[in-house]
Amino acid sequence: MVYDPTALSGKLLADFEAALKGAYEQGVRDGIARIVAAAQAPLDGAVPAPSQIGQSVARADENVEIAPKAPRGTVPIVVQAMLKDHPGKTIYEYERLYKRYDDRISDKSVGNELRRFEGEKYERDAPNGHRWFLIGQKDEAKDAAGNEQSSASDHSNQGGSYGAALDL
């Protein structure tokens, strides 16, 4: 007898296709049975047993306190108010500051809002800077800082020059 690999592979392929078709048909029957069991479950709010639908039922922990969720649109309002009142802070600082405005929002929502609308509503102090401003506010903050510096340097009796040696 001569060994013929094509005959063996043909038989293996036919057996594999038959097994695959049987598994598919069993899955269809199981799926239909689960759908029928779920459809026949009472509508009184009772959760059907896991055996009826083929999966475990998750139980809600009754002792868990659910925090109130902020209304839609609260985050941009809070972020704009923070930037107006406290310009030039880092995301980390704003994530600690938001609770003074509305403690229902998530701290990470503040950073997400800043990054999402960078260039549209908000800007940084430099291309990769860490300090944030409302658009146009950065220039105003620089002007205000420049005015404070020039008025302080006009009074020679206040403070010394930077880097001068101390007389001890």
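The values are calculated or read from the model by the stated rules, or taken from the named source; none is laboratory data. All values derive from a computational prediction rather than experimental measurement. Using ideal geometry, Cβ is built from the backbone for each residue, glycine included, and neighbour counts are taken over all protein chains shown.
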*Here are some residues: Val47, Val28, Val78, Val64. Which one is at pLDDT 85 or above and not assigned by TED's automatic domain parsing to the domain that holds His130?*
Val28
*Starting from residues that are of a type in the set (Val, Ile, Thr), part of a helix (DSSP H, G or I) and in contact with a helix residue (DSSP H, G or I) (Cβ under 7 Å, 6 or more places away or on another chain), keep the ones in segment 74-115 and report whichever is surrounded by the fewest Cβ atoms within 10 Å (Cβ to Cβ).*
Ile91
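Is one or more of the residues making up segment 37-44 surrounded by 12 or more Cβ atoms within 10 Å (Cβ to Cβ), at pLDDT 85 or above and more than 30 Å from Ser109 (Cβ to Cβ)? Even if it seems obvious, please write down each step before you answer.
First, the residues of segment 37-44 that are surrounded by 12 or more Cβ atoms within 10 Å (Cβ to Cβ): 37-38, 41.
When the remaining residues are screened for being at pLDDT 85 or above, the result is none.
For segment 37-44, residues surrounded by 12 or more Cβ atoms within 10 Å (Cβ to Cβ), at pLDDT 85 or above and more than 30 Å from Ser109 (Cβ to Cβ): absent.
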